[in-house]
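The values are calculated or read from the model by the stated rules, or taken from the named source; none is laboratory data. Only a predicted model underlies this, so the values are computations on that prediction, with no experimental measurement involved. No Cβ is skipped: glycine too gets one built from the backbone with ideal geometry, and neighbour counts run over all protein chains shown.
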Amino acid sequence: MSVWLPKTKLLMKKLLLFFFLLSCYQVEKVQAQLFGGQLKTTISPYPPGTVHCNPQNRTALVEVTNPTTGKTWMDRNLGAERVAASSTDALAFGDLYQWGRAADGHHCRNSGTRSTISSSDQPGHDDFILVPSSSATDDWKNPQNNNLWQGLTGENNPCPAGFRVPTEAEFTSERQSWTGGNNSAGAFNSVLKLPLSGFRERDTGIVSLVDDLGRAYGMLWTSTIASGENEARFFAYWSGNVFVNSYPRSRGYSVRCIKN
């Protein structure tokens with residue numbers, strides 16, 4: 001009796017651990033499949049060192065394909081807990097990235113701020129870098145690096161394995177496939193279910209959902225560099241229109257990843 005008792009206890013501990021891990025897997029699987037889509041992995045596909053702003057609800061990698069363009073995307077913004085249930089679904093807003101930065105923590109909507117411009121592609125901290133409007137480049141980094149976020153292997157690519165930040169042309173193709181309107185309603189009714197996720201000001205670090213005129217916006221970075229400028233191109237939409245424009249790389253916008 002005394003010989004087998006320790007072995008029985010050890011076996012019971014192993015069984016309890018097995019069932020605990022199994023239950024964790026099932027919970028993660030169910031969470032990833034909320035609102036449809038295809039579960040791709042339960043092992044983190046994100047780049048090493050990625051900071052998840054809400055570790056308990058990490059952004060699931062679920063694919064969605066536009067039948068018109070043939071392109072496959074993530075079905076939610078980076079940092080979002082789920083696919084948007086409406087244009088104003090806060091759980092679908094996700095994070096706000098400065099163009100070209102890695103997922104180092106600065107993208108969290110409540111991250112701290114600092115005014116020291118980085119000389120490195122990896123600042124080495126998790127603060128949102130404030131850049132005054134008087135800056136010559138309006139960039140969080142000096143000197144600028146146009147190779148950031150370029151393609152699947154681009155430096156600081158914040159997307160999961162096999163995905164990258166889309167180009168301006170890819171966002172334009174998506175917009176041309178919309179049938180629900182050339183505005184924020186069309187954005188939400190599209191395959192991508194794009195929400196009005198707001199932005200973060202480059203000089204104050206304040207997160208806003210509306211502009212100075214009270215218009216709610218959704219803004220997403222592209223990987224495209226603005227020709228002849230220090231800025232990068234972004235894709236934006238509100239109730240009255242959809243457009244692509246250039247803006248300083250130090251502003252905080254959402255990121256929606258596309259499959260390579």
Review point. If you check Ala216 against the conditions, is it in the same structural domain as Ala136 (by TED's automatic domain parsing) and within 27 Å of Asn110 (Cβ to Cβ)?
Key: yes
Point to revise | Residues located in the range 109-130, provided they are of a type in the set (A, V, I, L, M, F, W, C), under 21 Å from Ser208 (Cβ atoms) and out of contact with any Phe, Trp or Tyr (no Cβ under 6 Å at 6 or more places or on another chain) | key: Phe128, Leu130
Review point. Which is part of a loop (DSSP other than H, G, I, E, B) and either more than 28 Å from Ser246 (Cβ to Cβ) or in contact with a His (Cβ under 6 Å, 6 or more places away or on another chain) (or both), of Ala80, Ala85?
Key: Ala85
Point to revise | Sole exception among (1) among the small types (Gly, Ala, Ser); (2) on the phi < 0 side of the Ramachandran plot; (3) surrounded by 13 or more Cβ atoms within 10 Å (Cβ to Cβ); (4) touching a Lys or Arg at 6+ places or on another chain (Cβ under 9 Å) for Gly162, by number | key: (2)
Review point. Which ranges mark the strands (runs of 3 or more DSSP E) fully within the range 191-260 that have 2 or more residues being modelled with pLDDT of 95 or more, under 18 Å from Asp75 (Cα atoms) and under 16 Å from the mean Cα position of the chain (by Cα)?
Key: 218-225, 232-238
Check your understanding: Just checking, which of Thr65, Thr88, Thr72 is surrounded by 14 or more Cβ atoms within 10 Å (Cβ to Cβ) and farther than 23 Å from Trp149 by Cβ?
Key -> Thr88
Check your understanding: From Gly151, Gly94, Gly105, which residue is touching a residue at least 40 places away in the same chain (Cβ under 8 Å), over 20 Å from Pro55 (Cα atoms) and not charged (D, E, K, R)?
Key -> Gly151
Exercise for review: Can you tell me which residue among Ser223, Ser208, Ser197 is within 19 Å of Phe93 (Cβ to Cβ), touching a residue at least 40 places away in the same chain (Cβ under 8 Å) and of a type in the set (Gly, Ala, Ser)?
Suggested key: Ser197
Review point. On the given criteria, is Arg114 in contact (Cβ under 8 Å) with a residue 24 or more places away in the chain and either farther than 30 Å from Lys259 by Cβ or within 19 Å of the chain's Cα centre (by Cα) (or both)?
Key: no
Check your understanding: Do we have Glu174 as touching a Leu at 6+ places or on another chain (Cβ under 9 Å), assigned by TED's automatic domain parsing to the domain that holds Thr222 and either surrounded by fewer than 18 Cβ atoms within 10 Å (Cβ to Cβ) or not in a loop (DSSP other than H, G, I, E, B) (or both) here?
Key -> yes
Practice item. Look at the range 235-260 and say how many of its residues are free of Cβ contacts under 8 Å to residues at least 40 places away in the same chain and either under 27 Å from Val62 (Cα atoms) or surrounded by 19 or more Cβ atoms within 10 Å (Cβ to Cβ) (or both). Key: 3
Point to revise | Only listed residue being of a type in the set (S, T, N, Q) and either in contact with a Phe, Trp or Tyr (Cβ under 6 Å, 6 or more places away or on another chain) or at pLDDT 90 or above (or both), chosen from Ser44, Ser87, Ser2, Ser23 | key: Ser87
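Quick grid of which residues meet (1) in a loop (DSSP other than H, G, I, E, B); (2) at negative phi; (3) crowded, with 17+ Cβ neighbours inside 10 Å:
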position	(1), (2), (3)
Gly94	yes, no, yes
Ala102	yes, yes, yes
His107	yes, yes, yes
Asn110	yes, yes, no
Pro123	yes, yes, yes
Thr137	yes, yes, yes
Asn146	yes, yes, no
